[in-house]
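The structure appears right after this line, and notes come after that.
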Amino acid sequence: RLDVGVARSELSGGLPDWSEARVAVAAALTDRWSAALAVEATERFDNRDTYVEARLDRRFGRGGAYVFLGGATDADYRPELMLGLGGQVRLTDRLSATLGASTARYPTGTVTAIQPGLLVDVLSERLQLAARWIVVRDETGEDRQGWAVQTRWQATPRLGLRLGYADAPESSEGVTVEVSAWSLGADIDVTDRLRLRIGAVSEDRGAYDRREATIGFGLRF
């Protein structure tokens with residue numbers, strides 16, 4: 001599968017815009033193993049970083065697990081090195097438990113995070129609700145907490161809608177800050193192999209607000 005996306009953000013207070021471009025390729029290695037490689041080029045406050053990440057996934061009978069390794073050379077605000085793992089296991093026909101954990105080294109210090117959560121299949125694969133508890137130890141050694149929820153509704157066979165809210169710590173520009181954000185998006189299956197994705201994010205980052213628009217596509221081949 002090939003995934004390509006671009007995003008543009010407008011910041012309040014006359015601050016410079018942010019931009020992002022991402023390309024990812026994923027392939028099945030066997031009927032249970034798959035691998036992916038992603039490259040992200042971003043610009044924030046007139047600084048540019050290129051982040052590269054490799055990921056390996058393994059499917060099990062009632063769920064799956066993953067591990068990833070990434071980093072940015074000469075990083076200004078992205079992690080110099082990041083390692084993460086996680087997974088999902090189905091507890092009942094409609095309830096799954098999720099878990100993600102990561103450690104990231106930034107120019108200002110190391111940030112670790114753990115995110116346990118639940119995924120509820122409300123309407124038999126047409127309406128899903130996900131919730132996560134986010135626990136972070138930031139670059140100064142301070143412990144922080146937050147949460148995030150997201151719902152996805154398969155409105156038609158070719159149209160899926162997403163709505164989410166998060167109030168959680170986020171590491172950016174070398175420091176961890178409290179961020180509250182609304183997100184809205186749509187997945188449109190143009191053909192059986194081509195999916196178009198559009199989205200918008202509205203964030204309150206304390207010192208400034210951010211508004212982001214995203215567009216991308218996924219191609220299966």
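The residue that is modelled with the lowest pLDDT, counting only those in segment 156-197 that are closer than 24 Å to Arg105 by Cβ and β-branched (Val, Ile, Thr), is Val175. Selection of strands (runs of 3 or more DSSP E) fully inside segment 103-187 by the criterion of at least 1 residues being of a type in the set (Phe, Trp, Tyr) returns 127-137, 143-156, 159-172.
Within segment 86-106, residues that are free of Cβ contacts under 8 Å to residues at least 12 places away in the same chain sit with their Cβ atoms under 7 Å from residues that are in a strand (DSSP E or B), at 6+ positions apart or across chains, in these pairs: Leu91/Ala97. All conditions but one from (1) part of a strand (DSSP E or B); (2) among the charged types (D, E, K, R); (3) surrounded by fewer than 18 Cβ atoms within 10 Å (Cβ to Cβ) apply to Glu203; the one that does not is (3). Under the condition of being surrounded by 15 or more Cβ atoms within 10 Å (Cβ to Cβ) and polar (S, T, N, Q), which residue from segment 139-158 is nearest to Val201 (Cα to Cα)? The qualifying residue nearest to Val201 (Cα to Cα) is Gln150.
Within segment 119-155, the residues that satisfy the criterion of being of a type in the set (Val, Ile, Thr) and modelled with pLDDT under 95 are Val122, Thr140.
Of the residues making up segment 79-91, not a single one is charged (D, E, K, R), over 30 Å from Asp187 (Cα atoms) and loosely packed, with under 14 Cβ neighbours inside 10 Å.
Taken over segment 17-49, residues that are within 30 Å of Gly63 (Cβ to Cβ), of a type in the set (Gly, Ala, Ser) and either surrounded by 13 or more Cβ atoms within 10 Å (Cβ to Cβ) or modelled with pLDDT under 95 (or both) amount to 6.
The values are calculated or read from the model by the stated rules, or taken from the named source; none is laboratory data. These numbers were taken from a predicted model, which means no experiment stands behind them. Positions of Cβ are backbone-derived with ideal geometry, glycine not excepted, and every protein chain shown enters the neighbour counts.
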